[in-house]
Amino acid sequence: MVIVAGHILVTPQGRESYLRDCVRIVEQARRAPGCLDFTISADLIDVGRINVFERWDSRVAVESFRGAGPGDDQRAAIVHASVAEYDVTNERPLT
């Protein structure tokens, strides 16, 4: 399993527009083969922060979906990003 997690920073006035532009991406990801979970969401405290969480069944699935990554408009809106991929070998359900 692969987890992609972290956050990106955009200008506070640009966050809602950025998130609106991500709706289609989230819909596509959730339909993609191997996607177990995918969310891009506004942070509850920091008005310029967007949290990223993805869970995939394999690296192949991540790479197949991601392709070239964010589009030019999205890249231009990002002030800073701290997102990483994690290879997970064990899972312990908490519920």
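Things worth noting here:
- Solvent-accessible area of residue 10 with every protein chain in place, 1.4 Å probe, in Å² to the nearest 10: 10
- Per-residue 3J(HN,Hα) values for the stretch 87-93, derived from phi via the Karplus relation 6.51 cos²θ - 1.76 cosθ + 1.60 with θ = phi - 60°, read 8, 10, 10, 10, 9, 10, x Hz in sequence order (x marks Gly and Pro).
- Taking a ≥ b ≥ c as the square roots of the eigenvalues of the Cα gyration tensor, the stretch 33-74 is oblate, since a/c reaches 1.5 or more and a/b is not larger than b/c.
- Contact order relative to length of the chain, as percent, for alpha carbon pairs under 8 angstrom and 6 or more apart: 46
- Potential lengthening of the chain between residue 85 and residue 4 amounts to 28.7 nm, from the contour at 0.36 nm per residue minus the alpha-carbon distance.
- Within the accessible surface of the chain, defined with a 1.4 Å probe on protein heavy atoms only, the carbon and sulfur portion equals 53 percent.
- Viscosity 0.692 mPa s, 37 °C: Kirkwood-radius Stokes-Einstein D of the chain over Cα pairs, µm²/s: 234
- Helix-only [θ]222 nm of the chain, DSSP H runs n ≥ 4, -39500 (n - 2.57) each, per residue, nearest 500: -9500 deg cm²/dmol
- Placing unit charges on each Cβ (+1 for Lys and Arg, -1 for Asp and Glu) gives the chain a dipole about its Cα centre, and among 81, 22, 53 the Cα reaching farthest toward its positive end belongs to 22.
The values are calculated or read from the model by the stated rules, or taken from the named source; none is laboratory data. Computed from a predicted structure; not experimentally measured. Note that each Cβ is placed from the backbone with ideal geometry, even for glycine, and that neighbours are counted across all protein chains shown. These accessible areas exclude ligands, DNA and RNA; they are computed on the full protein's heavy atoms, side chains included. Shrake-Rupley method; radii C 1.70, N 1.55, O 1.52, S 1.80 Å.
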